[in-house]
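Derivation of every value follows stated rules applied to the coordinates shown; laboratory data play no part. The structure displayed is predicted, hence computed values, not measured ones. Ideal geometry is used to build each Cβ from the backbone, glycine not excepted, and the neighbour counts take in all protein chains shown.
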Amino acid sequence: MQLFPCPFCGPRSESEFHFGGDAGNHRPEGFRDVTDSEWTAYLYERNNPRGAANEIWMHMACGEVFRMERDTVDHRVAQSFVLGEGGDNGGMA
Amino acid sequence: MAAWRNDGGTAIDRSQPLAFSFDGKVIEAFAGDTIASALLAGGVSVVGRSFKYHRPRGLWGAGVEEPNALVDIAAGMPNTRATQALAANGMAVRSVNAEPSAEKDRRAFIDAFSRFIPAAFYYKTFMFPDWHLFEPRIREMAGLGTLDETKTGPEFAEQVNHHCDVLVVGAGPAGLHAAREAVRAGRRVVLCDDGRQPGGSLFYRAATIEGKSGAEWVADVATELERAGDLVLTSATAFGIYDHHLVGLSQKGADGAPDRLWRIRAKSIVLATGAIERPLPFGNNDLPGVMSAEAALVYLRRFGIVAGRKIVIATNNGLAYETAEALVAAGADVTVVDYRADASTPAGLRVLKGVSVRAATGRNAVNAVTLSDGTVLEADAVLVSGGFTPTVHLYCQAQGKLDWRDDILAFVPGRPVEGVDVVGAAAGTFGLPPELADGMARDLGIIAAWPKPGAKERVWIDLQNDVTAKDVELAVRENFVSVEHLKRYTTLGMATDQGKTSNVNGLALMAEITGRRIPDVGTTTYRPPFTPVPLASFAGARSGTRMNPLRRLPLEQAHRADNAVFREYGGWLRPAFYGAGSPEERIQAEARGARERVALFDGSPLGKIEVIGPDAASFLDFIYYNTMSTLAPGRCRYGFVLTEGGNVYDDGVLVRLDENRFIVSCSSSHVAGMHALLEEWRQDRFDRKRVFIHNATAEMATLTVTGPQAKALMGTIDLGIALDDTTLPHMAVVSGVFEGIAVRVARISFTGDRSYEISVPADHAAALWTRLRQAGEAFGAGLLGLEALMILRAEKGYVVVGKDTDGTSRPMDFGLTAPLERKKVEFIGRRSLITEDAGRPDRRQFVGLEAIDGKGVLPTGAHGIERGSGVPRSIGYVTSSYFSPVLQKPIALGLIELGLSRMGEIVELQHLREIRRARVVSACAFDREGSRLHA
């Protein structure tokens, strides 16, 4: 059971969190001009990195969405960020 | 067995004798005895039969490492390790895998055929025609303890979550020392041990620490820890180490108390888990009476049991000499067979140096050993020490990597793991911590005595899983040379034992045969649990309805008073129908009453998620498939919510209370999901200071009045609202007051009849419900359960998402194409609706299905079939199907390929072996013009 740092509530058990996908998976806007491959990439193509990962999570207890940098191999959590702070945050869904 | 009690023993209380039965035979013991020590003292030599060959087996160890002495305790746990369970007065203990008793097992004959049943024999032999044909019989013959299926097991185990600065696993000298150092440095400490008290080897190995005897020093340290307010957990096995320094502990409850499962999160962890003695490989080294030399010391000093009268101690290291000297002092005749030719040994002992044991002899107990030089020594106990294996399970679980040390012939922790320290024998440091007792470090002085291939006798590697040296040789011949393959092929190191005594000998033999070094063979992966943990401990109180607690209505008691039959719907316990008698008749009567007169329905679980703020309208335009910003305040609109993949996720009515305040009435089973979806999009895409979300579902109950007499009934209740259709038309909402409490009244219908949904704070729901019931009497108002409501909505062709939709459904499949064609702005899933898949000409569309074969209600799930090319092909399926009381005929809904353009066509439907015929019709079977909504 991992501990994730919610930027609002502090360290909490991973079972309280909901995965929101890769950070930086920006939604292609303007549906008429978005190509099939752009939309497919947004919907389905995931980074699934080995090692450093940059992810969006929601803390279900407080309902806040945040970005977290962690390592998928050793499960070390580097840092978590309030959305809009600490660099590129958007594109979670 | 020839063991006998002397007058020693620090663990037992001779003033409290007790008796229990083992395989029906009475065993006398003392309070403090384990089942194992009592059997040993009681002269029981055969404590169980082996897993595969039904070989007689005796005690090997004295603790967690015991591979043989697993017993079933009546009304207790099967496969209990006899070395760890206390003997209790009157308990009935049975040996495992033996019938009628371990002593006289009727399947002992199997061992005579052992040369024909080597590793993998069963799998190879019983392949044809089908392993499963033979499996039950073979499993019945093999296997260990028996589960009493009439018993439900422990009702619950207490769950404790705890955190501390330092968790020390193992309360031997190294663990106690580490814990005391941490306490003195001001840390909050938890110290745990699987023994019944802290102390570990200090209870049986002689030691003087800080001027005190081992036992005194242990008591002082334990007192110091407890005074500092720190926890000392006994009978608690740390069975697993998990992410971010979480350690699982299984603690045995004392005196019938429930077990406890501890989840301890520690900033740092000290592993002082000790080491486990290895057997020596020689012929028949599994005979009862062949025992670990360290265990013999435990039995002598803790339980006052001398292992035999004529004892041979076989060793390849120096640590067995304490056992030898102690047994001599206890009056036994001891001969030490020291494999080391140049060992320096204590005076006064009979020692044969530079020889080894070739084989033991005896039937149900050892009676002699033959040495490598041909000497035969008579013996009634053979105590062996083949070196020590540090207990590194937890370190390895924490992703530690092992190093091989040639000086102690053992794997020890290698690279450091952050926050995990390994100390004492677990780190390969035998004896006392040097800081505590200068010069007490014990010199192992070990030489190799690994199993060799080609032995004439059977040399046992894994006692619990009946693996011999020959099985390992066979594995190599068949090219299972990877250690993981070796384990799976021979079962070496499997099951509850996990190779505690056997792994290293097996690896060494594999290394020898394949010409590799032991570290190059490597070890198998260490996985939790270290020892078996009862499933009841993991479950805790989370069983039955506590596993996933039902959500309950504020009006549950009122419904019970009306004889409601409750069922679970999307996590909520709701009235399915009311009253005794045939459910089908009750449901039909409820639905008919609602169409003919008026009915009351408890719709409280309906989602009520408020969306508030200046950007709420544009936010909801993005959330919904339908355009919502054009909705006038005080009005409601039905809509779909899609996934980004363009599939229907939820449907429901959006209520606009005023310019900046909306209520999302999502499906009752989708509230949590919709809430999360709204929050995700709000935070990711919108100005978080201009739109807010509040889930008010549980705060408000929703009570519905529906039917042709609904308006008349509402007219008798003063809610301070006008009921005329100009002020409160269909799909409008107004605020009212009930007994001084604000309520919301909405004209939303899920039945197709005029309906009023009254939302009231949950704590006032009972009063309003009572009032509605009283007012309803004059109108013959009935109660409407969920099942009847399902019929009413199906008559109208109203969709239930998840029942009438599946993971591929798109809004256009339900005839709702306008938003896609006309909506100006982005919404969730929009781009997915203009893909090739969304435009496929053969999509399944939502239609009604009218049975035309006179065989009654269509089976839900029946597939529409097309027999074009001979092989029938599914063209969709029935999603909902009922008998309509108002139409007096079966009705059904379904998703049928190109259904909307098949109107009037006859389709064949197949369910199991039955073929049904139905006409494709409009999903709406009743009141197509919708006039009843306004009647």
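Things worth noting here:
- Taking a quarter of the surface of the Cα convex hull of region B:210-346 gives a mean projected area of 13.1 nm².
- Span per principal axis, largest first, for the Cα atoms of region B:337-448 (Å): 53, 34, 22
- Cα-based Rg of chain A normalised by 2.2 N^0.38 Å, two decimals: 1.15
- Two-site label geometry, B:THR514 and B:LYS889: point separation in nm, points 7 Å out along Cα→Cβ: 7.5 nm
- With the charge dipole of region B:792-872 set up from +1 on Lys and Arg Cβ and -1 on Asp and Glu Cβ about the Cα centre, the Cα lying farthest toward the positive end among the listed residues B:THR808, B:LEU833, B:VAL857 is that of B:LEU833.
- Applying a 4.7 Å Cβ-Cβ cutoff to the protein assembly as shown leaves A:CYS62, B:CYS164, B:CYS192, B:CYS396, B:CYS636, B:CYS666, B:CYS924 as cysteine residues with no disulfide-compatible partner.
- All Cα-Cα distances of region B:691-751, cut into 5 Å bins from zero to the largest, leave 4, 15, 25, 27, 16, 9, 4, 1 percent in each bin in turn.
- Estimated FRET transfer efficiency when R0 is 60 angstrom, pair B:ARG14-B:ASP763 (beta carbons, to 0.05): 0.35
- Share, in percent, of DSSP beta bridges within chain B that are antiparallel, nearest 5: 75 percent
- FRET efficiency estimate (nearest 0.05) - Cβ-Cβ, B:SER901 to B:LEU535, R0 56 angstrom: 0.55
- Rounded to the nearest 20, the Cβ-based charge dipole of region B:234-354 about its Cα centre (Lys and Arg +1, Asp and Glu -1) stands at 240 debye.
- Computed packing ranks the peptides B:448-458, B:331-341, A:32-42, B:346-356 as B:331-341, B:448-458, B:346-356, A:32-42, most packed first, by mean other Cβ atoms within 10 Å.
- Relative contact order computed over chain B (Cα-Cα under 8 Å; 6+ residues apart), in percent: 8 percent
- Ranked packing of B:664-675, B:692-703, most packed first, by mean Cβ within 10 Å: B:664-675, B:692-703
- Volume per residue of the C-alpha convex hull in region B:70-169, rounded to whole Å³: 232 Å³
- Think of each Lys and Arg Cβ as +1 and each Asp and Glu Cβ as -1; about the Cα centre, that makes the dipole of chain B roughly 1500 debye.
- In the protein assembly as shown, taking the dipole from charged Cβ atoms about the Cα centre, the farthest positive-side position among B:THR468, B:LEU631, B:VAL483 is held by B:THR468.
- Separation of the B:ALA632 and B:ALA561 label points, Cα + 7 Å toward Cβ, nm: 4.1 nm
- Pairwise Cα distances in region B:418-498 exceed 20 Å in 56 percent of cases.
- Take the Cα radius of gyration of region B:166-246 and divide it by 2.2 N^0.38 Å, N being the number of residues; the result is 1.06.
- The mean of 1/r over all distinct Cα pairs in region B:795-922, once inverted, gives the Kirkwood hydrodynamic radius of 15.5 Å.
- Folded to 0 to 90 degrees: helix B:214-227 orientation relative to chain B principal axis, Cα: 30 degrees
- Sorted largest first, extent of region B:190-233 alpha carbons per principal axis (Å): 28, 22, 10
- Listed residue (B:LEU898, B:PRO346, B:ALA767) projecting farthest to the positive dipole end of the protein assembly as shown, Cβ model: B:LEU898
- The average projected area of the protein assembly as shown, computed from the convex hull of its Cα atoms over all directions, is 50.8 nm².
- Shielding value for B:827-836 is 4, the average number of Cβ atoms from other chains within 10 Å of each residue's Cβ.
- Taking the C-alpha atoms only, the angle from helix B:131-141 to the longest principal axis of chain B is near 50 degrees.
- A simple spin-label model places the labels of B:THR125 and B:ILE138 0.9 nm from each other, with each point 7 Å out along Cα-to-Cβ.
- Two-site FRET efficiency, B:ARG196 against B:THR525, from Cβ-Cβ distance with R₀ of 41 Å, rounded to 0.05: 0.85
- Binned Cα-Cα distances of region B:458-531, short to long, each 5 Å bin given as a whole percent: 3, 19, 31, 27, 14, 5, 1
- Cα principal axis extents for chain B, largest first, Å: 113, 70, 53
- Square roots of 5 times each gyration tensor eigenvalue, C-alpha, region B:216-297, largest first, Å: 32, 18, 16
- Using alpha-carbon coordinates, inclination of helix B:503-514 to the longest axis of chain B, degrees: 80 degrees
- Fraction of beta bridges assigned by DSSP in the protein assembly as shown that are antiparallel (%, nearest 5): 75 percent
- Compactness of region B:548-697 is given as radius of gyration and Dmax, 18.2, 56 Å, from Cα positions.
- Note on region B:501-613: Rg/Rh from C-alpha atoms, Kirkwood Rh, equals 1.46.
- Within the protein assembly as shown: Cβ-based charge dipole about Cα centre, in debye rounded to nearest 20 (Lys, Arg +1; Asp, Glu -1): 1560 debye
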